[in-house]
1. Taking θ as phi - 60°, what are the ³J(HN,Hα) couplings along the range 65-73 by the Karplus curve (6.51, -1.76, 1.60), each to the nearest whole Hz, with x for Gly and Pro?
2. Determine how many Å³ per residue the convex hull of the Cα atoms of the range 195-291 encloses.
3. Where the centre of each part is set by its Cα atoms, how far does the range 299-329 sit from the range 225-283, in angstrom?
4. Need the list of lysines near Lys60 for cross-linking: C-alpha distance under 24 angstrom, and skip anything on the same chain fewer than eight residues off.
5. Karplus couplings for the range 210-216 from phi (6.51 cos²θ - 1.76 cosθ + 1.60, θ = phi - 60°), rounded to Hz, Gly and Pro as x?
6. Amide H of Tyr201 versus every other amide H placed in the peptide plane: which residues, excluding those fewer than 5 positions away on the same chain, fall under 5 Å?
7. What is the fewest-to-most order of Ser47, Ser277 by other Cβ atoms lying within 10 Å of their Cβ?
8. List the GluC sites (Glu not before Pro) in the range 14-108 that DSSP assigns to loop (not H, G, I, E or B) and whose Cβ has at most 14 other Cβ atoms within 10 Å. Which are they?
Amino acid sequence: MEFTRLRRLRSKGFFRELLRENTLLVSDLILPIFVVEGKGRKEEIPSMPGVYRFSVDSLKREVEEVKKLGIPAVLIFGVPESKDEIASSAYHQEGVVQRAVREIKKEFPDLGVITDVCLCSYTRHGHCGIIGYENKESGRFEIDNDKTLKILGKIALSQAGAGADMVAPSAMMDGQVNAIREALDGNGYRNVAIMSYAAKYASAFYGPFREAADSSPRFGDRSSYQMDYHNWEEALREVEADVKEGADIVMVKPALSYLDVIRRVKEAFNFPLSAYSVSGEYSMVKAAAQKSWIEEKKAVLEILTSIKRAGADMIITYWAKGVAEWIGD
Ligand code: PBG
């Protein structure tokens, strides 16, 4: 049978290459970068060995490396010092993200700069939206969706003003893509794209990120606005809504436990799709590798290729630089 002959032939020589169906490329990768206040800071995140928080002035060397390695874009997360109830430091012109974007764009104008649009790192309560109601005794609370939309629009505008090429709303508020699109279009930023976190699940795999971005909710959890991991049809509805609202790229997040969702979204919409291989996916492989329980390079390439094989067009990953060094295309 031809099938078994091919299997035998593939074990050596060029057949393996010719028969390869999916290939991970450096040009598929987006590197998340955490930016903090202050000067001269480059601090490793304890729960994410090999990942750092940079102050704006120490970003240049990191971004230079990213550029040299051929990684097309970075995704900026801010870790501000001042927090309040309305996340005002998220849309300040001198906010840490706005300054970082200006700095990167000044030095590397053709590197793609994507900015996270959310409230959780900028609010004292650590939720992704404005709190509309809270009962301290029962622990019940509600997010004010519509008030949050206004803030998300302001954040996106300020980031576009700083020079961001694309904004990435991760708050999971209803109508957030529409609100941001209107804010951008109404202010002359028609060419700023939106990558929406369309199917973002409430996940245990965000743990290390919350340490990195200091964004853990002080009470309750995010299950009222993030998705339940038992569901995939809901993901299709979320993606459909975001595509209708004007998203340019939709995202599934996390990636590794959601390969089926990635595949289904890709098949149902045939729309540009990104997958976020989140902090917990990074840290668990890193921890095992540090104990020599797993071979990091092989495991990482297998994981990221599986995400590509599932149907992602691009992958947001903390391994972007390492992978670029390993595969360099
Ligand atoms: C916050 C946000 C989170 C991540 C990206 N944006 C955390 C959360 O929702 O709690 C997680 C990314 C990661 O774990 O790498 N809106």
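1. So the J values, rounded to whole Hz, are 5, 4, 5, 4, 6, x, 6, x, 8.
2. Values: hull volume 11.3 nm³, N = 97.
Dividing the Cα hull volume of the range 195-291 by its residue count gives 117 Å³.
3. 17
4. By straight Cα distance, Lys60 reaches Lys39, Lys42, Lys68, Lys105, Lys106, Lys321.
5. 5, 5, 4, 9, 6, 10, 5
6. Sorted by chain and number, the residues that satisfy this are Met227, Lys253.
7. Values: Ser47 18, Ser277 26.
The fewest-first ordering by Cβ neighbours comes to Ser47, Ser277.
8. Values: sites: Glu17, Glu21, Glu37, Glu43, Glu44, Glu62, Glu64, Glu65, Glu81, Glu85, Glu94, Glu103, Glu107; in loops: Glu21, Glu37, Glu81, Glu85, Glu94.
The qualifying sites are Glu21, Glu81, Glu85, Glu94.
Any read-out appearing in this document is the output of simple, stated calculations on the displayed coordinates, not a laboratory observation. This structure is a prediction, so every number in the text was calculated from the model and none was measured. Note that we place each Cβ from the backbone using ideal geometry, even for glycine, and neighbour counts take in every protein chain shown.
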